[in-house]
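Here is the structure we will look at, set down as C-alpha cells.
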Amino acid sequence: MGKPISPPPVVGGLRGELPAYLSNGVIGLRVRPNPLSAGMTLVSGLAGRHPARHIEAAALAPYPLAADISLNGVWASDASDALTIVDQVYDFETAELTTRLVYQPGDVSAEITVVAFCSRDDPTIVCQELSLRLDGLAKVVLRPMIDARDVEGRALAHERHTPGEAEPACDGSLLWETEGALSTCGLAMVSSVDAPVETQYPPLQRGRLYTEHSFEGDQRREYRLRQIVSVTPNAIHDQPDQHAVRMVALARRRGFEAIREANRKQWRDLWRGRIELVGAPPRWQALADATFYYLMASTHPSSPSSTSIFGLATWGDYHYYYGHVMWDLETFAAPPLVFLQPGAAEALLDYRSRTLEAAQKNALARGHRGLQFPWESGPATGQEAAPLPGTASWHEDHVTPDVARAFALYAAAAGDEEFMRERAWPVLYGVAQWIASRVTPTERGHELQGSMGIAERQQESDNPAFGVLACQAALDDALDMAERLDKPAPPEWRAIRDTLVLPMQGDLLASHDDYRPDEEKGETPDPLMAFFPLWRDLGAEVERATLAHYLSLADAYAGAPMLSGLLGVWAAWSGDRALSARLLEEGYGKFASGRFNQILEYRPDRFPEQPPAGPFVANMGAFLMSLIQGFPALRPTLGPPETWPQRPVVLPEGWEAIRIGHLWVRGRPYRLEARHGQRATLEPVESA
C-alpha cells in the first residue's frame, strides 16, 4: 500500500476559496492562510439559537489556536502589511497543516512556521507549534490565545488559578455559553516557550484570553512556542470548563511530542484502509485519498452528536444547513464508515439511539405510531429543527427508513448480536411500526401518499420511488432481524411490504406517480437508488429501462449534490465503461476545489451562483460507497461475507481494479479486491 497523496502546497491568501479544514470529528477548525488570526470553530454537540432563523443550530465556539507576535513593540495583528504568507502545506498522511510566514515590521524580520493539528487520540485536544527564526536582535513577545471575538454568545466565567492548588494546572480556562443559552463549552490552554521568558497571565480582555511570553531574541537559534488547548462541550461534561482543565493538564503531562506521535499513529491505523485504484489516472487516486481523508477527519468514535453533512466545517455567511444531522449521514456517510472506521459509524448511530424519544414524539405530533426521525435534527436535542415554516419536514418521509437501513447495515457488517438486540432492533421495530401507520391502504395496495423523494420539489407527490422502496427495504430488514433474534413480527409488516405501490410506467420505475421528465427536477435519478444502494430486485427489464432513462438525463443532473457521485456506478451497471468514466468525472471529479482538494456541495461550473461550501459529506460518501460497494457489487447481509459479492465487476474505462487492504467485517480485518470482469473477492486478511 502506497502513501496517501497530499494536495500541492498553496501559495498566498484566499481567492474566493475555502480555507483549510482541520478536524478530528469532535472539534473542527477553519484555519486561515494566516493561522495566527482566528478562524472558525465547531464542536460536536455545541448548539445555539441561530441569529437569523432562531432555530437550534450548530454554534461557533471561541477559536482555540489564535496567536500574535510582537517584534520590537509592533504587533503582527496591527501590521498586516508587514506579514507575508509564503505557503501552506496540508499533509493528509499525518493530518497536519503547516504554514510558512515572514514578518518584517522594521529592520529585523522573522521567519515563522506554524504547524497545527487536532488530536484523534485525545479528541478534545488541539495543538499548535510556532517556530521563529530572527535575522537580528529583537524584543519578542508571543501571545497564544483563545479568541472569542465575533462569536455569538458570552463568557460566563474564566479562571487563571486552579481552585485549591498552589500552582495553576494550566494557563487559564474559559466557560462559554452559546446564543440562546442552549449549550456551553469549556476551553483550557497550556503554552510554553523553549527559552527563558517573562510570562504574564492577564484577565480575559475584549473576548481574548491570552498568555504573554516576552524575551530578548537573536539570530543564533530557533525559538518555539507550543500551545495545547482542550475544547470540551457540555455534551461530554456538565461542567465543561473544569473538565477542559483536566484534559489539558493531562495533555501537558503527556507532552506535545507524545500527543503528536499518538495522533500520527491513529492516522497510520486509519490509512490501512486506503482505497487503491489500479489503472486509474493519478488524479483519481489523489481524489480518493482526499475523500477518504476528509470523511475520516470529520468523524470520530467519541463524537457525542453525530456530525453534519459538512462534517465540523463552516465558513462565511452560508448556512451549511445549520449543522443539522440529516438523512445524508445515514445514507451516504455511514456505509463507508461501517467498513473503514466502525467506531465512528457507531457514534453516528449512537446519536439516533440517544434521541429516540424525540423521534417518538415527532411521530406522535404527526399522528403516527413508532419512530419518525426529524428531517433536520438539532445537534444538541435531536428534535426537529428545520427552518420555519418547516416545509421540507412536512413531506420528506424517507429520512425514517434511511436511519433504519443504517442500523441494519452496521448490524450486517459487524455481526454483533448485542448491537442487533439492544440498539438495532428498537429502531427497526419503531420504524416498521411508523411505516405501518404512515401508509394508506387503497385498492392498489399500500400507498405512500403526499410524500417526497430526494428531489425537494415545490409540490409533494404520491408513491415517490425512493421513499417507497426505502420503506420496503426497512421492512425487509426488520423481518430479517426479527427472525435472527427470535422476535415476534406483526403480520402486517409482511403484508405491507408485499403490497407497497410502486410508480411504474411500463417497465420504467418512475420518480413518483404521474411523473414527467420535463417536470421540476425531473432529471433527478433517485429511482436508480432502488438498484444501488437499496438492492431491490425489480427484474432485469425494469432495471434496464430505468437505468437507460435516467442515464439519458444524467448530463442535465450532474453537478447537483448527493446523487451525482453515484452516476458512475449506475453507468457501470448498465455495462458502459466509457459512460461510467465520463459520468464519474462530471458527477464527482469536477466537484473538487483547487485548494486542498475539498469536495464542494455544488459543482461550481454548473452552479456558479452557489457559494463554495465543503467538504460535503454526502458527495464524499457517495463516492466512497461507489468504490467499496457499488463498483465491487458488494451487498452486505446477515449472511456470510463471502456471499456478499453479487455480480461481475464493471469498472470505469481504464481502471483495472479496486483494492482495499483493510476493511472491518465482523470485527476483523478483511481485504477486498474488485477486478474488472471478475467477481470481487472479500476475504480475511490472514488468508489473503
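The values are calculated or read from the model by the stated rules, or taken from the named source; none is laboratory data. Everything numeric in this text was worked out from a predicted model, so none of it was measured. Neighbour counts are summed over all protein chains in view; Cβ atoms, including those assigned to glycine, are modelled from backbone coordinates with ideal geometry.
Data table
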item	result
Selection from segment 457-499 of residues that are over 34 Å from the mean Cα position of the chain (by Cα) and among the basic types (Lys, Arg)	Lys487, Arg494
Subset of segment 133-155 that is within 17 Å of Tyr210 (Cα to Cα) and among the hydrophobic types (A, V, I, L, M, F, W, C) - its residue that is surrounded by the fewest Cβ atoms within 10 Å (Cβ to Cβ)	Ala155
Per-region count, segment 601-634, residues assigned to a loop (DSSP other than H, G, I, E, B), surrounded by fewer than 24 Cβ atoms within 10 Å (Cβ to Cβ) and touching a residue at least 40 places away in the same chain (Cβ under 8 Å)	9
Selection count, segment 486-495, where residues are of a type outside the set (D, E, K, R) and in contact with a helix residue (DSSP H, G or I) (Cβ under 6 Å, 6 or more places away or on another chain)	2
Output for segment 107-145, where each listed residue is of a type in the set (Asp, Glu) and more than 27 Å from the chain's Cα centre (by Cα)	Asp107, Glu111, Asp135
Pick from segment 515-566, criterion of a type in the set (Val, Ile, Thr) and more than 24 Å from the chain's Cα centre (by Cα), ranking: nearest to Pro335 (Cα to Cα)	Thr546
Residue that is nearest to Pro7 (Cα to Cα) [pool: residues in segment 97-134 that are polar (S, T, N, Q) and assigned to a loop (DSSP other than H, G, I, E, B)]	Ser119
Candidate set from segment 6-48 (those that are under 21 Å from Ile69 (Cα atoms) and at pLDDT below 95); member that is farthest from the chain's Cα centre (by Cα)	Gly12
Any hit, segment 364-374, residues being hydrophobic (A, V, I, L, M, F, W, C) and within 16 Å of Leu627 (Cα to Cα)	no
Matching entry among Ala657, Ala592 (being closer than 30 Å to Tyr557 by Cα, within 24 Å of the chain's Cα centre (by Cα) and aliphatic (A, V, I, L, M))	Ala592
Test for Arg264: is it surrounded by fewer than 24 Cβ atoms within 10 Å (Cβ to Cβ) and in contact (Cβ under 8 Å) with a residue 40 or more places away in the chain	yes
Selection within segment 135-179 - of a type outside the set (A, V, I, L, M, F, W, C), in contact with a helix residue (DSSP H, G or I) (Cβ under 7 Å, 6 or more places away or on another chain) and closer than 16 Å to Val231 by Cα	Gly153, Ser173
Scope segment 147-170; condition over 32 Å from the mean Cα position of the chain (by Cα) and of a type outside the set (S, T, N, Q); matching residues	Glu159, Arg160, His161, Pro163, Gly164, Glu165, Ala166, Glu167, Pro168, Ala169
Selected residue (criterion: nearest to Glu152 (Cα to Cα)) from residues of segment 49-77 that are over 36 Å from the mean Cα position of the chain (by Cα) and not hydroxyl-bearing (Ser, Thr, Tyr)	Trp75
Long-range neighbours under 8 Å by Cβ, at least six apart or interchain, first residue on the phi > 0 side of the Ramachandran plot and modelled with pLDDT of 95 or more within segment 662-681, second surrounded by fewer than 19 Cβ atoms within 10 Å (Cβ to Cβ) and part of a loop (DSSP other than H, G, I, E, B)	Arg666/Gly415; Gly667/Gly415; Gly667/Asp416; Gly677/Pro648
Count - residues of segment 80-116 that are β-branched (Val, Ile, Thr), surrounded by 17 or more Cβ atoms within 10 Å (Cβ to Cβ) and farther than 30 Å from Phe292 by Cα	2
Single residue of Gly73, Gly12, Gly48 found to be surrounded by 23 or more Cβ atoms within 10 Å (Cβ to Cβ) and in contact (Cβ under 8 Å) with a residue 24 or more places away in the chain	Gly48
Options Ala482, Ala411, Ala473, Ala455; residue that is surrounded by 24 or more Cβ atoms within 10 Å (Cβ to Cβ) and under 30 Å from Leu340 (Cα atoms)	Ala411
Flag for Leu182 being closer than 24 Å to Ala251 by Cα, assigned by TED's automatic domain parsing to the domain that holds Thr232 and not hydroxyl-bearing (Ser, Thr, Tyr)	no
Residue that is surrounded by the most Cβ atoms within 10 Å (Cβ to Cβ), among those in segment 379-399 that are in a helix (DSSP H, G or I) and free of Cβ contacts under 8 Å to residues at least 60 places away in the same chain	Ser393
Answer residue from segment 442-473, given it is in contact with a strand residue (DSSP E or B) (Cβ under 8 Å, 6 or more places away or on another chain) and without any contact (Cβ under 8 Å) to a residue 40 or more places away in the chain and is nearest to Leu528 (Cα to Cα) among those	Val468
Members of segment 297-319 that are closer than 17 Å to Leu349 by Cβ and not in a strand (DSSP E or B)	Ser298, Thr299, His300, Pro301, Ser302, Ser303, Ser305, Thr307
Among the candidates Ala392, Ala363, Ala404, residue that is farther than 28 Å from His237 by Cα and touching a Gly at 6+ places or on another chain (Cβ under 6 Å)	Ala363
Test: residue in segment 356-363 that is over 28 Å from Ala181 (Cα atoms) and not hydrophobic (A, V, I, L, M, F, W, C)	no
Odd one out for Thr94, checked against (1) part of a strand (DSSP E or B); (2) under 30 Å from Ile5 (Cβ atoms)	(1)
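To keep it simple, each residue is scored yes or no on (1) under 18 Å from Arg635 (Cα atoms); (2) assigned to a loop (DSSP other than H, G, I, E, B).
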site: Arg516; (1), (2): no, yes
site: Gly522; (1), (2): no, yes
site: Leu534; (1), (2): yes, yes
site: Glu543; (1), (2): yes, no
site: Ala548; (1), (2): no, no
site: Ser564; (1), (2): no, no
site: Val569; (1), (2): yes, no
site: Arg582; (1), (2): no, no
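Results for (1) at pLDDT below 95; (2) in contact with a strand residue (DSSP E or B) (Cβ under 8 Å, 6 or more places away or on another chain); (3) under 30 Å from Leu156 (Cβ atoms), shown as yes or no for each residue.
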| residue | (1), (2), (3) |
| --- | --- |
| Cys185 | no, yes, yes |
| Ala188 | no, yes, yes |
| Ser191 | no, yes, yes |
| Thr199 | no, yes, yes |
| Gln205 | yes, no, yes |
| Leu209 | no, yes, yes |
| Glu222 | no, yes, no |
| Pro233 | no, yes, yes |
| His237 | no, yes, yes |
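Let's see how each residue does on (1) over 25 Å from the mean Cα position of the chain (by Cα); (2) assigned to a loop (DSSP other than H, G, I, E, B); (3) small (Gly, Ala, Ser):
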position	(1), (2), (3)
Leu371	no, yes, no
Val403	no, no, no
Ala408	no, no, yes
Met420	no, no, no
